[in-house]
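What follows is calculated from the coordinates using simple rules that are stated; it is not laboratory data. Not measured: the values here are computed from a predicted model. Glycine gets a Cβ as well: all are built from the backbone with ideal geometry, and neighbour counts include every protein chain shown.
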Amino acid sequence: MQYAIETEHLSRRFGRTDAVSDLSLNVPAGCVFALVGPNGAGKTTTIKTLMNLLPPTSGRASVLGTDSRKLGPSALRRIGYVSENQDLPAWMTVADMMAYCAPFYPTWDTAFAAALARQLGVPLDKPIKRCSRGTRMKAALLVSLAYRPELLVMDEPFGGLDALVREEFSSGILEAVGGERPWTVFVSSHDIDEVERLADWVGTINEGRLVFAEPVSSLIGRFRQVDVVVSEAATLPGGLPVSWLLPEISGRAIRFVDTAYAESDLGPRVRALFPLAVDISATPMSLRQIFITLARTFRGQENRA
Amino acid sequence: MNAPGLVVHLMWVDIKAHRALLAVWAIVLLVQTALFVQGPGDSGRFVSSVSYDIGIAIVRFGWTIVVTALLIQSDSLLGTTAFWRTRPIPRAALLTAKLLSASLWFVAAPVVVVGAMLLRLGMRPFDAATGGGLVGVEQAVIVSMTVMAALVTVNLGQLVVAGIAGVTVVAVFNGLLLPVVALAWPAVGSSLSGGQPTVYAIAVVGGGLVVATYHYLTLRSWHSVALATAAMFLATALTRLWPAAPVVPPIGPVPESVLPTSAISLATSPLAPRVDDVARATGARRSVSKRVSVELTSTGHPPGIYFWPVMATTTMNFVAPGALLWVGPSVLTPGERASRDDSEGQPWRSIHAALGDVDLDSPRRWIYFTSVAELPDDVFRARGIPAQFKTDLTMVAYRYEVTAVVPLKANAAFSAPGLASRIVSVVVVNAGARIELHETILEGALPLGHSGFGASWYVLRNNARHQAVLMMWRDFKRFSATVGIAATGVATTRRVMEVDMPPEFARRITIDAAWLDQAELVLVEPRPLGLLTRSLTIDNAARNGTAGRLSPAAMSAPLSSPDAPGSHRPPVSDGGSSTPPAGGVR
């Protein structure tokens, strides 16, 4: 499998704080990879390190086969970058910005750019400083898609956008990347709904460490909300599997999230700990539910720490 | 797009980004040019020459700093949010584009505008190019300093803070570290000069280029701050350690074919040498020394020649056993005083000789004296002990020549090296005349030795009547407008000279409409012929009176010598001895 992005034991430290720690991640070429995690998890630092905006403290990263520390103009011609933290040239109109960017890219497609502008509903003659946040993000997306990059990197692109703009933004991405030659998209976001809609791979990062990274189908396949009914009221025993998250009990009802669900062995594993189990049910979870579960788990771990 | 195309693209984008600011810059240059070409004129047209100069300097310097900073900061080199950082823009191309833009807008444009303006004002092409170039050097220094500060700041507020910090650091370096170094290593201390503007300019511009290149290619902010600080230190240290400009012009001895020198001798005038107290403050320490001044008289040469001392080494040898011997170089300080007896000082005779067979008149004549020695006060504590005062003088021999002659009519114009002049009007007034003259002068750019002491003069000459009037510079009303000063130490000024000539101006010559109608304006300038060295000795020189105090009574106290017995006539001080005896033109 070819990877658009690879990191090996990537770390980035600010003073005494490890913003990213020992991050090893492979992003397959052609996928839409969503990096999710709570605030301060290290998503933006990871992306800035990948884009050579920050040098790694240790470890290495390569983007489209180029060491991130050597990411220069030749590699950047193949990469699109959209970030909520980016300072767009505010004095320009969107048309100015397109004219500014076009000469940097041999593959700039003027017709495609015009089509994208229409599709995204971006006013070409309006100065960027007078545009709404949503329009600015769409303008940034426009000048990052118009040259058909092999890799589109987006850092929190949906933050603060209203539903309509989000829809236009996501549609624009899906439309663009779904052509003959699929692009790789690497996006960090809080917006699970958009991630669910866009991503076919997902990675979770917490406190700078990668928790997992896998195809969305695999993730959804292994996460189940499990409800167990026992014949008598009981307490939670010790030694619950680490793959069972957020276990809770209320009278005779026990609920947890199984992160290693397999239909064949759920019953035996539950009965081994709850011999009085009379009913066991496993409910598939949406991506949103999975991430809420994970977020609550991370918070609990932080509180205990 | 290839690299040059990319640089041009980036430059064009910067022009569009800063078009409003650049339009203001163009207006600044045009207004400055218009004002300069017009000249300060009457006080009614301009508030004053002071506000004119300061206003132009502030606007030009300020706008250069502001727009250069914005040019650099618009594609920030700090942080991780700049748009250009994630675009395929080679840093070398961005660096080239920024430096080229700053150079074109703030160095090349003023050079072209000022050069063209000086040409338009009648300056010779070489002088126009020199004047434009000097403004360019000055602008390059400002741009370089601003670029260094703008590289490591994100907005104008931070730039101001960085500027204040930089000025403070350099001030501490100059005022604290260098004196400490001078105390610790006297050899280094003694070699410190007052500063060489050209060396400073080159060092700052070079430093700016190094810092900018380093920062654009590495984006290491703290390294760049350290490098910029080091560059400013280095520039300051270099300029202080660079040998001072030579006192003696780089010319050889007077050729015998030009002037037989064997018969030339030197003596003091009947007016005795005089002693002034000179107080100096070094930090909190105040010292007093004695300055010995003499009026020099040379003999044994044609009247068209005069000598101007440029260097002296003086010895004060007290003959009594155990008394002090003092020897040391002197800073020559030319002074002047009015002649009360119509005696013709050397320059006067030389000017007269240059003008030919005319009766030369003037309201006043000036005798020049030279401070040949500045002795420690201790030397004079040996009061009453006879001493031999000996000073070895290096002098430049000059001869006045007529540089330009034009009819005394409105719009008559002429040029000389470093000078363009035009008569604006000649108005006959009641028993006299009022002449308005516009001058453009490139001061300080002339080669050393070009002019003895900047003593060029205007003369009104009437050949038909064999009469001429030397116009003294004090009789001109002058207004200056400076376009270049800071980095080069060279000023380009535009002056309006007005001279009113009432009958008493020329005591022997009556100037009326008929006289003026036949008159011409003559520019006379001294030309160096070569160097001459002579010694001046005063035996049995001894200090009279009280020494070592700063009091009016101690001023002008005489040395006694056989040539100048104690009961001599006190010299007449006019304006203080520190006033250079600058001439009529420059």
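Of all lysines in the structure, those lying under 22 Å Cα to Cα from residue B:409, and not within fewer than 8 positions of it along the same chain, are B:477.
What number comes out for the charge environment of residue B:411, summing +1 per Lys or Arg and -1 per Asp or Glu over other residues with Cβ under 13 Å away? Intermediate results must be reported in sequence, preceding the final value.
Numbers: positive: B:409, B:422; negative: B:436.
Local net charge: +1.
Roughly speaking, what is the centre-to-centre gap between segment B:158-227 and segment A:157-178 when only Cα atoms are used, to the nearest Å? Going from one Cα centre to the other spans 52 Å.
What net charge is computed for the residues neighbouring residue A:167, neighbours being all others with C-beta under 15 Å from the C-beta of residue A:167, Lys and Arg scored +1, Asp and Glu -1?
Numbers: positive: A:138, A:166, A:197; negative: A:162, A:168, A:175, A:191, A:193, A:194, A:196.
Within the 15 Å Cβ shell, the charges total -4.
With a Förster radius of 22 Å applied to the C-beta separation of residue A:95 and residue A:162, the computed FRET efficiency comes to 0.35.
What FRET efficiency comes out for residue A:292 versus residue B:169 if R0 is 60 angstrom and r is the Cβ-Cβ distance? Round to the nearest 0.05. Could the numbers behind the result be given before it?
Working: r = 55 Å, r/R0 = 0.92.
That gives a FRET efficiency of 0.60.
D by Stokes-Einstein for segment A:224-284, Kirkwood Rh over Cα pairs, 20 °C, 1.002 mPa s: 188 µm²/s. Over the Cα atoms of segment A:67-164, the radius of gyration divided by the Kirkwood radius equals 0.95; this is the Rg/Rh ratio. A straight Cα-to-Cα reach below 16 Å connects residue B:98 with the lysines B:16, residues fewer than 8 places away in its own chain not being considered. The mean count of C-beta atoms from other chains within 10 Å of the C-beta of residues in A:81-92, rounded to a whole number, is 4.
In terms of its Cα atoms, segment A:3-215 spans 46, 36, 35 Å along the principal axes, sorted from long to short.
Quick check for segment A:3-215: number of Lys pairs with alpha-carbon distance under 23 Å, counting only pairs 8 or more apart or on different chains? Present the calculation step by step, with values, prior to reporting the outcome.
Numbers: A:43/A:70; A:43/A:138; A:48/A:70; A:48/A:138; A:126/A:138; A:129/A:138.
Value for segment A:3-215: 6.
Near the amide H of residue A:32, within less than 5 Å, lie the amide hydrogens of A:185, A:200, A:201, all on another chain or at least 5 residues away, with H placed in the peptide plane.
Scoring A:7-19, B:513-525, A:146-158, B:174-186 by mean Cβ neighbours within 10 Å over their residues and listing the highest first yields A:146-158, B:513-525, A:7-19, B:174-186. Distance distribution note for segment B:3-241: the fraction of Cα pairs above 32 angstrom is 29%. Neighbouring Cβ atoms from other chains, within 10 Å of the Cβ of residues in B:75-86, number 6 on average.
Peptide B:163-175 has a mean of 0 when you count, residue by residue, the C-beta atoms of other protein chains within 10 Å of its C-beta.
Under 5 Å from the amide H of residue A:4 lie the amide H atoms of A:27, A:29, each residue being 5 or more positions distant or on a separate chain, with H modelled from the backbone and absent for Pro and chain starts.
The three principal axes of the C-alpha atoms in segment B:116-238 carry coordinate ranges of 51, 41, 25 Å, sorted with the longest axis first. Computed packing ranks the peptides A:276-285, A:235-244 as A:276-285, A:235-244, most packed first, by mean other Cβ atoms within 10 Å. A simple count of charges around residue B:74, restricted to other residues whose Cβ falls under 15 Å of its Cβ and scoring Lys, Arg +1 and Asp, Glu -1, yields +2. Of the beta bridges in segment A:134-274, as assigned by DSSP with both residues counted there, near 75 percent are antiparallel.
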